[in-house]
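Here is the structure we will look at, set down as C-alpha cells.
The values are calculated or read from the model by the stated rules, or taken from the named source; none is laboratory data. The structure displayed is predicted, hence computed values, not measured ones. Neighbour counts run over all protein chains shown; Cβ positions are idealised from the backbone, glycine included.
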C-alpha cells in the first residue's frame with residue numbers, strides 16, 4: 001500500500017529520559033510525542049516492545065505477544081493507584097546517558113513486585129475487574145507466557161532457566177504437568193499477568209495520545225522468535241527442534257556488509273508446512289497483537305518469507321548454510337483473508353533477489369532505503385535518491401547502523417568525496433545534510449533516528465549487528481530535545497511537503 005507523504009523519528013522507549021534507570025512510558029514518552037507535534041512529524045518508529053532476554057536485545061524477546069515490564073512507568077503506577085508515592089524515594093543515581101540493564105532490572109523488578117503486592121491486597125473492585133477482564137481476553141497467550149516466566153524464575157539455576165533444561169514433563173509442556181505447576185506457582189503467575197495488564201494500560205494510553213495528536217506508530221515485527229521464549233516452549237511443533245527441545249536448524253544471514261562470517265542469530269526456524277496446515281493461525285494471532293500495539297508493522301527480515309538462510313545448529317558461524325524456500329505469497333494472501341488490509345513495511349535489506357522484490361511489490365509493501373548505503377560504490381545504487389521509487393521509506397540510518405556523524409567520520413575518502421559532491425556540501429553538518437536529502441526525496445515516508453537529529457557520534461550508536469554485550473543502552477536527557485531541533489525539522493518538513501496536516 002502507499003502511505004501518505006510524511007516524516008518521522010526513530011527512537012525506542014528505553015532511550016527516553018526517566019529517573020528510574022531506563023526510559024519508560026511516562027512523562028518522557030509524552031514529552032517526545034509533544035516534540036514530534038512541534039516538529040510537524042506524523043510518524044514515530046520503535047523497536048520491538050517485548051520483554052528482553054539474552055543481551056538485552058529487543059529482537060531476542062521472551063514473547064512475541066507480551067510487553068516489556070521494564071517500560072512500565074513508576075510515576076504512572078503511583079498516579080493510577082497501584083502503589084503509594086512513598087515507594088519512590090531514595091532512587092539510585094542511575095546514569096542519564098545510558099541504560100545499565102543489570103542495575104535497572106534489579107530496581108524495576110523490586111518496584112513492580114511492591115506494586116503487585118499492593119494491588120493484590122488492596123485493589124478496588126474496578127481495578128480488579130479490569131485486571132480479570134484483561135486476563136480473560138488475552139488468555140490464549142498470557143497463560144503460557146506467565147507460566148513460562150514463573151518457571152524460568154523457579155528453574156533459574158538450570159542453565160539460566162532455559163526451558164529445555166527444565167524437568168522433562170514440564171519442558172515438553174504436558175498439559176497435566178502445566179496445570180500442576182500453574183497451581184503451585186499461582187502467585188508468580190498473577191505477578192507476571194499483572195505486569196502485562198499494567199504495561200498494556202500504559203502503552204495503549206500512550207498510543208492513543210500519539211494517535212490523537214496525529215502521530216502513527218511504526219512497530220517492529222521480527223520474522224523469527226527467540227528460542228528461549230514462551231512462543232517456542234508452548235508451540236514446539238511449529239519449529240525445527242530435536243527430541244530434547246534443542247533447535248536443529250537456526251536462522252541468520254550469510255556473510256554481508258556487516259560481517260565477514262555472516263550473522264548467526266540462533267533463532268529456531270519455522271516448520272512452515274505445519275503452520276500452513278492451520279492457516280498460519282499462530283501468525284494471525286501475532287499480527288493481530290502487533291496491530292493492537294502499533295499502527296504500521298515493519299517486518300524485520302522480510303526476505304525470509306521468500307527464502308531464508310538455514311544454518312545447521314552445530315555450525316559456529318553463518319558461513320555454512322543454504323537458502324530454503326519460504327511460504328511466499330501464500331502467507332500474505334492468508335493474512336489478508338483473515339486480517340484484512342495489512343499496513344506493512346518490508347525490511348528488504350541484505351541479499352535481495354528479484355523474487356523478493358516481486359513478493360514485496362505484489363502486495364505493494366514499501367521497502368527501505370538507507371542513505372548511508374548509497375555512497376562510495378557503484379553510481380547506480382538503488383539507495384541513491386535519484387533512483388528511488390515513491391513507495392518506500394527512506395532513512396539516514398537505522399538502529400543497526402552507525403550514527404550518520406559516526407559513519408561519515410569512518411567513511412573512506414571515496415565515500416566522503418561522493419557524498420560531498422552529491423550534496424554540494426562540505427560535510428561539516430553531515431547529519432542534517434542527510435536529513436534534508438531524505439525529506440527532499442520522492443520516498444513517501446522519511447524516518448530519521450533521533451541521534452542524527454542531535455548530530456551525535458558513535459557513542460550514541462544503538463546496536464552493532466552480530467555483536468553482543470553493551471548495546472541497546474543509549475539514552476538522552478530532556479534538555480537534548482530542543483526547540484531548535486523541532487523548529488529546524490519542522491521547517492524541512494514543510495518545505496518538502498511532508499506535513500500531513502497541511503496536505504489535509
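Output the residue which, of all residues in segment 344-359 that are surrounded by 18 or more Cβ atoms within 10 Å (Cβ to Cβ) and within 20 Å of residue 447 (Cα to Cα), is modelled with the lowest pLDDT. Show your work before the answer.
Step one: of segment 344-359, the residues surrounded by 18 or more Cβ atoms within 10 Å (Cβ to Cβ) are 344-349, 356, 359.
Restricting the remaining residues to those that are within 20 Å of residue 447 (Cα to Cα) gives 344-349.
On the way: 344: 98, 345: 98, 346: 98, 347: 98, 348: 97, 349: 93.
Restricting to residues being surrounded by 18 or more Cβ atoms within 10 Å (Cβ to Cβ) and within 20 Å of residue 447 (Cα to Cα), the top hit is 349.
Filter segment 32-55 down to residues that are part of a helix (DSSP H, G or I) and at pLDDT 95 or above and give me whichever is farthest from residue 290 (Cα to Cα).
Of segment 32-55, the ones part of a helix (DSSP H, G or I) are 32-38, 54-55.
Next, only the ones that are at pLDDT 95 or above stay: 32-38.
Details: 32: 22, 33: 20, 34: 24, 35: 25, 36: 22, 37: 24, 38: 27 Å.
Across segment 32-55, the extreme among qualifying residues is 38.
Which is within 26 Å of residue 72 (Cα to Cα), without any contact (Cβ under 8 Å) to a residue 60 or more places away in the chain and in contact with a helix residue (DSSP H, G or I) (Cβ under 7 Å, 6 or more places away or on another chain), of 182, 129, 123?
Testing whether each residue is within 26 Å of residue 72 (Cα to Cα), without any contact (Cβ under 8 Å) to a residue 60 or more places away in the chain and in contact with a helix residue (DSSP H, G or I) (Cβ under 7 Å, 6 or more places away or on another chain) leaves just 182.
Please go through (1) closer than 28 Å to residue 219 by Cβ; (2) without any contact (Cβ under 8 Å) to a residue 24 or more places away in the chain; (3) in contact with a helix residue (DSSP H, G or I) (Cβ under 8 Å, 6 or more places away or on another chain) for residue 482 and return the number of the only condition it doesn't satisfy.
In the conditions (1) closer than 28 Å to residue 219 by Cβ; (2) without any contact (Cβ under 8 Å) to a residue 24 or more places away in the chain; (3) in contact with a helix residue (DSSP H, G or I) (Cβ under 8 Å, 6 or more places away or on another chain), residue 482 misses (3) alone.
Which one is nearest to residue 259 (Cα to Cα) among residues in segment 456-475 that are buried (at least 20 other Cβ atoms within 10 Å of the Cβ) and touching a helix residue (DSSP H, G or I) at 6+ places or on another chain (Cβ under 6 Å)?
Per the criteria, the residue is 472.
With exposed (fewer than 14 other Cβ atoms within 10 Å of the Cβ) and in contact with a helix residue (DSSP H, G or I) (Cβ under 9 Å, 6 or more places away or on another chain) as the only criterion, which of 281, 334 stands out?
Numbers: 334 fails: exposed (fewer than 14 other Cβ atoms within 10 Å of the Cβ).
Being exposed (fewer than 14 other Cβ atoms within 10 Å of the Cβ) and in contact with a helix residue (DSSP H, G or I) (Cβ under 9 Å, 6 or more places away or on another chain) holds for just one of 281, 334, which is 281.
Only residues in segment 80-97 that are touching a residue at least 12 places away in the same chain (Cβ under 8 Å) and at negative phi count as the first member; pair them with residues that are exposed (fewer than 14 other Cβ atoms within 10 Å of the Cβ) and outside any loop (DSSP other than H, G, I, E, B), Cβ under 9 angstrom, at least 6 apart or cross-chain, and list the lot.
Matching pairs, first to second residue: 97/459.
Determine which member of the set 226, 210 is in contact with a strand residue (DSSP E or B) (Cβ under 8 Å, 6 or more places away or on another chain) and part of a loop (DSSP other than H, G, I, E, B). Quick ask: steps written out before the conclusion?
On the way: 210 fails: part of a loop (DSSP other than H, G, I, E, B).
Checking each option against the conditions leaves just 226.
Could you please let me know if residue 115 is closer than 23 Å to residue 186 by Cα, buried (at least 21 other Cβ atoms within 10 Å of the Cβ), touching a helix residue (DSSP H, G or I) at 6+ places or on another chain (Cβ under 8 Å) and at pLDDT 95 or above?
So residue 115 fits the description; yes.
Could you run through segment 229-248 and say how many residues are buried (at least 20 other Cβ atoms within 10 Å of the Cβ) and not in a helix (DSSP H, G or I)?
Number satisfying all stated conditions: 5.
Does segment 417-446 hold any residues that are under 22 Å from residue 366 (Cα atoms) and touching a helix residue (DSSP H, G or I) at 6+ places or on another chain (Cβ under 8 Å), and which are they? Walk me through how you get there before you give the answer.
First pass over segment 417-446, keeping only residues under 22 Å from residue 366 (Cα atoms): 434-446.
Of everything in segment 417-446, those that are under 22 Å from residue 366 (Cα atoms) and touching a helix residue (DSSP H, G or I) at 6+ places or on another chain (Cβ under 8 Å) turn out to be 434, 435, 436, 437, 438, 439, 440, 441, 442, 443, 446.
Assuming residue 120 fulfils every condition listed in (1) closer than 25 Å to residue 246 by Cβ; (2) assigned to a helix (DSSP H, G or I); (3) modelled with pLDDT under 95 apart from one, which condition is it?
The failed condition is (1).
Just for segment 143-158: of the residues that are outside any helix (DSSP H, G or I) and in contact with a helix residue (DSSP H, G or I) (Cβ under 6 Å, 6 or more places away or on another chain), which one is modelled with the lowest pLDDT? Please lay out each step first, then the result.
Taking segment 143-158 and keeping what is outside any helix (DSSP H, G or I), we get 155-158.
Subset that is in contact with a helix residue (DSSP H, G or I) (Cβ under 6 Å, 6 or more places away or on another chain): 155, 158.
On the way: 155: 96, 158: 87.
Among them, the one singled out is 158.
Is it the case that residue 427 is free of Cβ contacts under 8 Å to residues at least 40 places away in the same chain and either within 26 Å of residue 101 (Cβ to Cβ) or touching a strand residue (DSSP E or B) at 6+ places or on another chain (Cβ under 7 Å) (or both)? Before you say what the answer is, go through the steps one by one.
Working: free of Cβ contacts under 8 Å to residues at least 40 places away in the same chain: yes; either within 26 Å of residue 101 (Cβ to Cβ) or touching a strand residue (DSSP E or B) at 6+ places or on another chain (Cβ under 7 Å) (or both): no.
Criteria not met by residue 427.
Check whether at least one residue in segment 272-281 is closer than 30 Å to residue 206 by Cβ and in a helix (DSSP H, G or I), and report yes or no.
Taking every residue of segment 272-281 in turn, at least one turns out to be closer than 30 Å to residue 206 by Cβ and in a helix (DSSP H, G or I).
Is it fair to say residue 256 is free of Cβ contacts under 8 Å to residues at least 40 places away in the same chain, in a loop (DSSP other than H, G, I, E, B) and surrounded by fewer than 19 Cβ atoms within 10 Å (Cβ to Cβ)? Reasoning before the result, please.
On the way: free of Cβ contacts under 8 Å to residues at least 40 places away in the same chain: no; in a loop (DSSP other than H, G, I, E, B): yes; surrounded by fewer than 19 Cβ atoms within 10 Å (Cβ to Cβ): yes.
No.
For the subset of segment 389-437 comprising residues that are under 31 Å from the mean Cα position of the chain (by Cα) and farther than 30 Å from residue 471 by Cβ, which member is surrounded by the most Cβ atoms within 10 Å (Cβ to Cβ)?
Per the stated criteria, the residue is 391.
When you go through (1) under 18 Å from residue 46 (Cα atoms); (2) surrounded by fewer than 19 Cβ atoms within 10 Å (Cβ to Cβ); (3) touching a strand residue (DSSP E or B) at 6+ places or on another chain (Cβ under 9 Å) one by one for residue 496, which number turns out not to apply?
(1)
If we scan segment 288-295, do we find a residue that is more than 28 Å from residue 139 (Cα to Cα), surrounded by 14 or more Cβ atoms within 10 Å (Cβ to Cβ), touching a strand residue (DSSP E or B) at 6+ places or on another chain (Cβ under 8 Å) and touching a residue at least 24 places away in the same chain (Cβ under 8 Å)? Spell out how you get there, then give the answer.
First pass over segment 288-295, keeping only residues more than 28 Å from residue 139 (Cα to Cα): none.
No, every residue in segment 288-295 fails to be more than 28 Å from residue 139 (Cα to Cα), surrounded by 14 or more Cβ atoms within 10 Å (Cβ to Cβ), touching a strand residue (DSSP E or B) at 6+ places or on another chain (Cβ under 8 Å) and touching a residue at least 24 places away in the same chain (Cβ under 8 Å).
Kindly indicate whether residue 24 is buried (at least 24 other Cβ atoms within 10 Å of the Cβ), over 13 Å from the mean Cα position of the chain (by Cα), more than 20 Å from residue 141 (Cα to Cα) and at pLDDT 95 or above.
Taking the combined requirement at face value, the residue satisfies it.
So for segment 159-177 (the condition being touching a helix residue (DSSP H, G or I) at 6+ places or on another chain (Cβ under 7 Å) and surrounded by fewer than 13 Cβ atoms within 10 Å (Cβ to Cβ)), does at least one residue qualify?
First, the residues of segment 159-177 that are touching a helix residue (DSSP H, G or I) at 6+ places or on another chain (Cβ under 7 Å): 159, 161, 163-166, 169-171, 173, 177.
So of that shortlist, the ones also surrounded by fewer than 13 Cβ atoms within 10 Å (Cβ to Cβ) come out as 159.
Checked against the condition, which is being touching a helix residue (DSSP H, G or I) at 6+ places or on another chain (Cβ under 7 Å) and surrounded by fewer than 13 Cβ atoms within 10 Å (Cβ to Cβ), segment 159-177 yields at least one hit.
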